[in-house]
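The values are calculated or read from the model by the stated rules, or taken from the named source; none is laboratory data. What you are looking at is a predicted structure, and each value in this text was computed from that prediction instead of being measured. Every residue, glycine among them, receives a Cβ derived from its backbone with ideal geometry; neighbour counts consider all protein chains shown. Keep in mind that these areas ignore ligands, DNA and RNA; they rest on the heavy atoms of the full protein, side chains included. Shrake-Rupley method; radii C 1.70, N 1.55, O 1.52, S 1.80 Å.
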Amino acid sequence: MNEIWQLSAVEMARRIARRELSSVEVVNAHLARIDAVNPALNAIVRVLADEARAAAALADGRLKAGETVGPLHGVPFTVKENIDVAGLPTTWGVPALAQAVVPMDAPVVERMRAAGAIPIGRTNLPDMGLRIHTFSSLHGLTRNPWNPDRTAGGSSGGEAAALASGMSPIGLGNDIGGSLRNPASACGIASIRPSAGRVPDAGFLPREDRLLAAQLMNVQGPMARRVADVRLGLRVLMGAHPRDPWSIDVPFDGPPLPKPIRVAVVPEPPGGSTCPTVAATVRRAAQALADAGYVVEEACPPRFEDAVGCYARLIMSDLASVRGQMSLAMGADGMAFMNNCFQAAPPVTDAAAWSQLMVERDGIARAWSNFMADKPLLLTPTWTQLPFEHGFDSATPAGTVATIELMRPVVPANLLGLPSACVPAGRDEATGLPIGVLVTGRRLREDLCFEAAEAIEARLGLATPIDPVR
């Protein structure tokens, strides 16, 4: 039999519900796995051993008493350390917030607990979540389980590394610029950036009232090793919540579409170069979809480069309003990356320019909506290059520009509020690194994204969890 920590979240929940495994056994297996592999990765920065064991004992007691339980009853999960967990600090990876204890769970943590899941650890992220490489000035560097010399991605890099190495079966991250999908691709796991409003987003830090870029583009979401686990996670998390006034209630499944569903494939997105191995992986994923009954066609949505540029100006213009506060909280490497970003995408400076930026966003959204009326799904790389060596993104302005270029496929979904799932689709033979692809869909059609992602996973998915390469 497989080790307990190798099971999927869905299978783990099934076995606990049937009392084939106890939650105490499951939690202890994961705590032992954390002890065994976390020193090599530094993915989990706070282990909640006592709390998790106590919660597991209560979970087993509820089952023994015959109570009705939730879909993740007794299953441990991990939480990125910029998501509030009651009674613990929400550090955002910086020393200034090391003791910033919050009084209440974030809505996504609240919903995971309501589904019966048990927090087992907090995971690493870069300073203030503002980097796609996970190095924290509070907690240090997270390493990639597949190749210790390459980035685990970011900003949910600790979460992805923990999942890929079996320290957790399912976890929570967030995404304002690919932060659920960047590390999923780098670490060979699955994730989804939900549609804007699908999952509530609320927290106490750095402040409750969010910047405009966060209101428009940030989302909370699930990460796991298998697409089925990510789907279950989204079902648990979704729905309106009073702490997020923009969150909405909408059915998980949309209306049926005429078959076969058409997929636009972009192996080499405009706006920069693409590694041939990455492009070939996207084409193999497209063939997997074709074999599953989809109609695939190499076609790029209109104004792709405009979408990437509009995203960059929007987020950098908004962050410029808190640049002074950032410089006080963030470490040297993280701030170097941000300063290079400000040079690469200069902020707009007046109300008229802000207004025109929103006008541009609206036009791009309309163009994409019309395109996706015919082709409801879009298949692209996640990154156009393989995961880079540690520090490449911040060491020089040229490295920052190259990093912005390689992540260009992830940001249109943020700008436009679209669902976008990442699924592993292969590995690079020379480095051993995984390569993930994105399935992006019409707004609120996560169901379509999952169906296509599972077709790719069935043909090309990776065997995880793995023992870290040391």
Give me, ordered by chain and number, the residues 5 or more places off V296 or on other chains with an amide H under 5 Å from its own placed amide H. V263
How do V69, V27 stack up against each other in accessible area, from largest to smallest, with a 1.4 angstrom probe? V69, V27
Using the Cα centre of the stretch 208-361 as the reference point, and only Cβ charges (+1 on K/R, -1 on D/E), how large is the resulting charge dipole? Debye, rounded to the nearest 20. 420
Enumerate the lysines that K259 could reach by cross-link, defined here as Cα to Cα under 27 Å, with residues fewer than 8 away along the same chain left out. K375
Separation of alpha-carbon centers, the stretch 5-19 and the stretch 214-246, rounded to whole Å: 21
Let me cross-check D253: its accessible surface, 1.4 Å probe, with only protein heavy atoms counted, in Å² to the nearest 10? 90
Of the candidates S355, L460, V10, the farthest towards the positive dipole end of the chain (Lys/Arg Cβ +1, Asp/Glu Cβ -1, centred on the Cα centre) is V10
Considering the alpha-carbon set of the stretch 91-164 alone, what are its Rg and its Dmax in angstrom? 13.4, 39
Please provide three numbers in whole Å: the alpha-carbon extents of the stretch 227-321 along the principal axes, with the largest listed first. 44, 39, 25
Taking the stretch 7-54 as the region of interest, what is the percent of Cα-Cα pairs per 10 angstrom bin, listed from the shortest bin to the one with the maximum distance? 24, 48, 26, 2
Determine, from the Cβ-Cβ distance of E25 and L257 and an R0 of 41 Å, the FRET efficiency 1/(1 + (r/R0)^6), rounded to the nearest 0.05. 0.45
For K375, tell me the accessible area in Å² from a 1.4 Å probe, rounded to the nearest 10. 20
Principal axes of the chain: Cα extent on each, largest first, Å: 61, 54, 47
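What fraction, in whole percent, of alpha-carbon pairs in the stretch 283-331 exceed 12 Å separation? Walk me through the numbers on the way to the answer.
Working: 877 of 1176 pairs.
The share of Cα pairs beyond 12 Å in the stretch 283-331 comes to 75 percent.
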The chain: antiparallel DSSP beta bridges as a percent of all, rounded to 5: 70
Principal semi-axes in Å for the stretch 165-239 [√(5λ), Cα gyration tensor, largest first]: 22, 13, 11
Over the stretch 340-470, what portion of Cα pair distances is larger than 23 Å, expressed as a whole percent? 49
Counting only the heavy atoms of the protein chains, how much of C449 is accessible to a 1.4 Å probe, in Å² to the nearest 10? 0
Within a Cβ distance under 13 Å of A286, other residues only, what is the Lys/Arg minus Asp/Glu net charge? +1
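Tell me, what does the Kirkwood hydrodynamic radius of the stretch 58-113 come to in angstroms if you use every pair of distinct C-alpha atoms?
Working: mean 1/r = 0.0775 Å⁻¹.
When all Cα pairs of the stretch 58-113 are included, the Kirkwood radius is 12.9 Å.
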Kindly state, as a whole number, the per residue volume in cubic angstrom of the convex hull around the alpha carbon atoms of the stretch 36-161. 111
So what are the ³J(HN,Hα) numbers for the stretch 444-449, from phi and the Karplus equation (6.51, -1.76, 1.60; θ = phi - 60°), rounded to whole Hz, Gly and Pro as x? 6, 10, 4, 4, 5, 4
How about the stretch 2-50: which trypsin sites (Lys or Arg not before Pro) there are in a DSSP loop, with at most 12 other Cβ atoms within 10 Å of their Cβ? R18, R19
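What translational diffusion coefficient, to the nearest whole µm²/s, does the stretch 265-353 have by Stokes-Einstein, given a Kirkwood radius computed over alpha-carbon pairs, a temperature of 25 °C and 0.890 mPa s viscosity? Let's see the in-between values first.
On the way: Rh = 16.1 Å.
Answer from the Stokes-Einstein relation: 152 µm²/s.
Taking 2.2 N^0.38 Å as the expected size of a compact globular protein, what ratio does the Cα radius of gyration of the stretch 159-311 give against it, to two decimals? Before the final figure, lay out each step's value.
Details: Rg = 17.3 Å, N = 153, 2.2 N^0.38 = 14.9 Å.
Normalised by 2.2 N^0.38 Å, the Cα Rg of the stretch 159-311 equals 1.16.
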Assuming a ≥ b ≥ c are the square roots of the Cα gyration tensor eigenvalues, decide whether the stretch 268-421 counts as rounded (a/c under 1.5), prolate (otherwise, with a/b larger than b/c) or oblate. oblate
In whole Å, what are the Cα extents of the stretch 1-101 along the three principal axes, biggest one first? 45, 29, 20
What size of dipole, in debye to the nearest 20, comes out for the chain about its Cα centre when the only charges are +1 on Lys and Arg C-beta atoms and -1 on Asp and Glu C-beta atoms? 560
Please list, in order along the stretch 451-466, the HN-Hα scalar couplings obtained from phi with the Karplus expression 6.51 cos²θ - 1.76 cosθ + 1.60 (θ = phi - 60°), rounded to whole Hz, x for Gly and Pro. 4, 5, 4, 5, 5, 5, 4, 4, 8, 10, x, 9, 7, 10, x, 10
Diagonalise the Cα gyration tensor of the stretch 212-260 and give the resulting equivalent ellipsoid semi-axes, square root of 5 times each eigenvalue, largest first, whole Å. 23, 16, 12
Karplus-derived 3J(HN,Hα), 6.51/-1.76/1.60, for each residue of the stretch 141-147, Hz, glycine and proline x: 8, 9, 9, 7, x, 7, 7
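May I ask you to list the GluC sites (Glu not before Pro) in the stretch 35-141 that are in a DSSP loop and have at most 13 other Cβ atoms within 10 Å of their Cβ? Before the final figure, lay out the partial values.
Values: sites: E51, E67, E81, E110; in loops: E67, E81.
Passing both the DSSP loop test and the Cβ count: E67.
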